[in-house]
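The values are calculated or read from the model by the stated rules, or taken from the named source; none is laboratory data. Here the structure is a predicted model, which is why all the values come from computation and not from measurement. Neighbour counts are summed over all protein chains in view; Cβ atoms, including those assigned to glycine, are modelled from backbone coordinates with ideal geometry.
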Amino acid sequence: MSSDRKEFNKLIMEALGTFALCYVGGWAVEWNIHGSLDLPGVALAHFVVLSMFIYIGFDISGSNFNPAVSIALMLTGYQKSEDTIRYIIAQCVGSLIAGFALLTSRPHSLDAKVAAIHQLGHPSLDPTYSQLNGFFCEFFATGCLVLCVFCAGIHKKASAEAVSTCVGMSLGLMILAIGNYTGAALNPCRVLGPAILSGRYMERGFWIYYIGTVAGGACAGIAYKYIFIEDELEKEEGISTAIKAELNKI
């Protein structure tokens with residue numbers, strides 16, 4: 001397979017995985033607002049779809065499916081800047097297609113029962129919750145998600161099954177933790193397409209889903225590389241030095 005074909009396949013996978021996350025997640029939130037699905041159900045839907053597509057795309061694109069993850073990988077040197085830009089564009093395209101699919105397939109019965117018509121399942125900040133608190137919720141939750149990505153998928157070189165399960169589970173847990181307050185996007189693209197297609201892209205607190213998630217992911221990635229992994233490397237270096245010293249005695 002040519003290098004151009006491989007690069008194209010990576011972009012298709014990033015768009016497809018992001019589409020699936022936004023589409024399935026969007027429907028889960030829609031039914032939650034409708035009253036047909038509770039918060040654990042929403043968390044389970046996100047966990048399953050993310051885990052499944054991370055497993056599918058792990059050996060193709062690395063399964064970013066999230067600009068916060070891609071930017072964190074770029075800032076820490078694990079991904080080239082040109083690849084990151086292409087990935088983010090593909091992710092945004094997938095999100096926009098998901099928003100269109102949700103809009104065209106949404107049954108009219110939901111409009112009569114949901115006050116926020118055409119929500120399209122994107123996360124929204126609780127009216128009683130401050131935007132600053134919402135920012136920190138998305139910041140820390142996305143940081144936990146990205147830290148899980150780094151620990152499972154980069155340093156320990158875990159299998160695709162382990163990475164997909166760990167990362168999908170972290171998303172589900174964060175939805176259970178902050179879902180009732182911010183909707184737990186943890187991903188700018190989880191909001192982008194549905195928000196634009198629903199006309200709610202400038203609603204109260206919209207910025208926390210873009211700035212909070214990217215900032216949280218970047219901080220987690222940097223902390224991993226320059227704090228956590230440094231400790232591990234020092235331990236490994238110390239072990240290697242001790243082994244060499246013992247061998248020299250022999």
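Side notes on the structure shown:
- The set of residues in segment 202-220 that are in contact with a Pro (Cβ under 6 Å, 6 or more places away or on another chain) and under 10 Å from F136 (Cα atoms) contains only T213.
- Looking only at residues in segment 117-142 that are in a loop (DSSP other than H, G, I, E, B), in contact (Cβ under 8 Å) with a residue 24 or more places away in the chain and among the aliphatic types (A, V, I, L, M), the one that is surrounded by the most Cβ atoms within 10 Å (Cβ to Cβ) is L120.
- Residues of segment 154-163 classified as surrounded by fewer than 24 Cβ atoms within 10 Å (Cβ to Cβ) and either in contact (Cβ under 8 Å) with a residue 40 or more places away in the chain or hydrophobic (A, V, I, L, M, F, W, C) (or both), total: 6
- Filter result for the condition that a residue is crowded, with 24+ Cβ neighbours inside 10 Å, modelled with pLDDT under 95 and aliphatic (A, V, I, L, M), over V29, V69: V29
- Qualifying positions in segment 72-82 - part of a helix (DSSP H, G or I), surrounded by fewer than 24 Cβ atoms within 10 Å (Cβ to Cβ) and in contact (Cβ under 8 Å) with a residue 40 or more places away in the chain: L75
- Of all the criteria given as (1) closer than 16 Å to G179 by Cβ; (2) under 17 Å from the mean Cα position of the chain (by Cα); (3) crowded, with 17+ Cβ neighbours inside 10 Å, the one not satisfied by V48 is (3).
- Scanning segment 185-198 for residues that are among the polar types (S, T, N, Q), at pLDDT below 95 and either closer than 11 Å to G25 by Cβ or outside any helix (DSSP H, G or I) (or both) gives no hits.
- Test: residue in segment 166-184 that is hydroxyl-bearing (S, T, Y), surrounded by fewer than 24 Cβ atoms within 10 Å (Cβ to Cβ), modelled with pLDDT of 90 or more and within 18 Å of T18 (Cβ to Cβ): yes
- Unique match (being closer than 12 Å to V149 by Cβ, touching a helix residue (DSSP H, G or I) at 6+ places or on another chain (Cβ under 7 Å), part of a helix (DSSP H, G or I) and touching a residue at least 40 places away in the same chain (Cβ under 8 Å)) among A90, A68: A68
- Selection within segment 149-184 - under 19 Å from S61 (Cβ atoms), assigned to a helix (DSSP H, G or I) and over 11 Å from the mean Cα position of the chain (by Cα): F150, A152, G153, I154, A160, E161, A162, V163, S164, T165, C166
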